[in-house]
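The values are calculated or read from the model by the stated rules, or taken from the named source; none is laboratory data. Fair warning: this is a prediction, and the values are worked out from it, not measured in the lab. Don't worry about glycine lacking a Cβ; one is built from the backbone with ideal geometry, like all the others, and counts go over all protein chains shown.
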Amino acid sequence: MHFTTPTVLLLAALPQSLAWGDLGHQTIAYIAQHYVAPSTATWAQGILMDTSTSYLANIATWADHYRETAAGAFSEPFHFIDAQDNPPSSCNVNYARDCGATGCVISALQNYTSRVTDTDLSATEIAYAMRFIVHFVGDMHQPLHDEAGERGGNEVSVLFDGAKGNLHAIWDTQIPEKSTGGYGLTVAAAWGKNLSAAIDSGIYKTQAKTWIKGIDVDDVVGSVTPWATEANAYVCSVVIPQGFDAVEGEDLGENGYYQKALPTVDLQIARAGRRLAAWLDAIAQSETQGKSTKSTGHKARGHKDL
């Protein structure tokens, strides 16, 4: 696909528009690749027409760039859910309250989970649905993508190791890149390998078994709203435990903020990757069993089909 939006404009938009940045999304994709069943990998590779060792990582950030184009502008609201809560005293997500008329990340995942197995759609439309699924599972695990306050932290000016930025961007990009020492597919693959090892035999081994309980692709809202709720809780406990004003103008690369935030970033990236694998496995299994070969006609609120 040819993107008409000038590169300079895309780069200017990145600090306020990405969840996890390219590095985080690519890492989530590599973790998912590690865990999907072989049959699921073959199914996804066929849809994406990519049999490389980075078949999910290669498309993990597509949705962010697509939303910056005229054709993809409709998908802007699908990257987040604006929880109308009151951090730091109260953090919570309520789908009926918080998913607006134009849609949200939960309703988007509902829509594209249905579309990725819809035999009435074109190969291009199905491939788009796969790309959206890979991206949106990652989005909802970034705490500030589940929060309305200060536009998810976009309006909170901060520093990070002396460089100006905003709170949202710090969580998207600066913390992950400082932790790994860089960015790009090679760095993402290495981070994904380390986090997968932590899931398999390290610090996440015991709890990881609970991460994928209750997955039901026929009840998307019921399955993934707890994921958004879980991520949103970190807004109160880790992101702004003393409120937005307490971090305004502060250097979050110093004074212990980075060190306190990093374990949550690692955990949420690991959770997203493991859950993405389980989600794709569930869709592929459902299709094999003939349960989801055609959309039901339901259209999630605010959605424009591709």
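Any residue in region 76-84 that is under 30 Å from residue 246 (Cβ atoms), modelled with pLDDT under 95, assigned to a loop (DSSP other than H, G, I, E, B) and of a type in the set (Gly, Ala, Ser)?
no
In region 59-78, which residues are in contact (Cβ under 8 Å) with a residue 40 or more places away in the chain, closer than 17 Å to residue 137 by Cα and surrounded by fewer than 20 Cβ atoms within 10 Å (Cβ to Cβ)?
Just the residues of region 59-78 that are in contact (Cβ under 8 Å) with a residue 40 or more places away in the chain, to begin with: 59-70, 74-75, 77-78.
Checking the rest, the ones that are also closer than 17 Å to residue 137 by Cα come to 59-67, 75, 77-78.
Selection gives 65 alone.
Using beta carbons and a limit of 6 Å, which pairs, at least six apart or on different chains, have the first residue in region 128-154 and part of a helix (DSSP H, G or I) and the second one polar (S, T, N, Q)?
Taking only residues 6 or more apart or on different chains, the pairs are 146/232.
Taking the options 59, 106, 81, name whichever one is closer than 17 Å to residue 126 by Cβ, β-branched (Val, Ile, Thr) and under 15 Å from the mean Cα position of the chain (by Cα). Before the answer, list the steps.
Details: 106 fails: closer than 17 Å to residue 126 by Cβ; 81 fails: closer than 17 Å to residue 126 by Cβ.
Result: 59 is the single residue among 59, 106, 81 that is closer than 17 Å to residue 126 by Cβ, β-branched (Val, Ile, Thr) and under 15 Å from the mean Cα position of the chain (by Cα).
I need the full set of residues from region 189-207 which are touching a helix residue (DSSP H, G or I) at 6+ places or on another chain (Cβ under 8 Å) and farther than 16 Å from residue 27 by Cβ, in order please.
From region 189-207, those touching a helix residue (DSSP H, G or I) at 6+ places or on another chain (Cβ under 8 Å) are 189-193, 195-196, 198-199, 204-205; that's our starting set.
205 - this is the single residue of region 189-207 that is touching a helix residue (DSSP H, G or I) at 6+ places or on another chain (Cβ under 8 Å) and farther than 16 Å from residue 27 by Cβ.
Could you please find all residues in region 29-58 being in contact (Cβ under 8 Å) with a residue 60 or more places away in the chain and of a type in the set (Val, Ile, Thr)?
31, 36, 40, 47
Kindly check whether there is at least one residue in region 48-56 that is in contact with a His (Cβ under 7 Å, 6 or more places away or on another chain) and among the polar types (S, T, N, Q). Talk me through it step by step, then tell me what you get.
Looking only at region 48-56, we keep the residues that are in contact with a His (Cβ under 7 Å, 6 or more places away or on another chain), and these are none.
Scanning region 48-56 turns up no residue that is in contact with a His (Cβ under 7 Å, 6 or more places away or on another chain) and among the polar types (S, T, N, Q).
If I filter region 123-130 for residues that are out of contact with any strand residue (DSSP E or B) (no Cβ under 7 Å at 6 or more places or on another chain), surrounded by fewer than 24 Cβ atoms within 10 Å (Cβ to Cβ) and either modelled with pLDDT under 95 or within 24 Å of residue 245 (Cβ to Cβ) (or both), do I get at least one hit?
Checked against the condition, which is being out of contact with any strand residue (DSSP E or B) (no Cβ under 7 Å at 6 or more places or on another chain), surrounded by fewer than 24 Cβ atoms within 10 Å (Cβ to Cβ) and either modelled with pLDDT under 95 or within 24 Å of residue 245 (Cβ to Cβ) (or both), region 123-130 yields no hits at all.
Within region 167-181, can you find the residues that are out of contact with any strand residue (DSSP E or B) (no Cβ under 6 Å at 6 or more places or on another chain) and touching a residue at least 24 places away in the same chain (Cβ under 8 Å)?
168, 169, 171, 172, 173, 175, 176, 177, 178, 179, 180, listed by residue number.
Can you tell me which residue within region 243-267, out of those that are in contact (Cβ under 8 Å) with a residue 40 or more places away in the chain and assigned to a helix (DSSP H, G or I), is surrounded by the most Cβ atoms within 10 Å (Cβ to Cβ)?
Restricting to residues being in contact (Cβ under 8 Å) with a residue 40 or more places away in the chain and assigned to a helix (DSSP H, G or I), the top hit is 265.
In region 243-255, is there at least one residue being closer than 28 Å to residue 204 by Cβ, under 20 Å from the mean Cα position of the chain (by Cα) and modelled with pLDDT of 95 or more?
No, every residue in region 243-255 fails to be closer than 28 Å to residue 204 by Cβ, under 20 Å from the mean Cα position of the chain (by Cα) and modelled with pLDDT of 95 or more.
Which of the residues spanning region 155-193 are of a type in the set (D, E, K, R), assigned to a helix (DSSP H, G or I) and surrounded by fewer than 22 Cβ atoms within 10 Å (Cβ to Cβ)?
Correct list: 177, 178, 193.
So which residues in region 90-134 are under 27 Å from residue 238 (Cα atoms) and polar (S, T, N, Q)?
The answer is 90, 92, 94, 107.
May I ask you to say which residue of 270, 231, 197 is over 19 Å from the mean Cα position of the chain (by Cα), assigned to a helix (DSSP H, G or I) and either surrounded by 14 or more Cβ atoms within 10 Å (Cβ to Cβ) or among the aliphatic types (A, V, I, L, M) (or both)?
Exactly one of 270, 231, 197 is over 19 Å from the mean Cα position of the chain (by Cα), assigned to a helix (DSSP H, G or I) and either surrounded by 14 or more Cβ atoms within 10 Å (Cβ to Cβ) or among the aliphatic types (A, V, I, L, M) (or both), namely 197.
Identify all residues within region 87-115 that are of a type outside the set (Val, Ile, Thr), touching a residue at least 24 places away in the same chain (Cβ under 8 Å) and outside any helix (DSSP H, G or I); write none if there are none.
87, 88, 89, 90, 91, 92, 99, 100, 101, 103, 104
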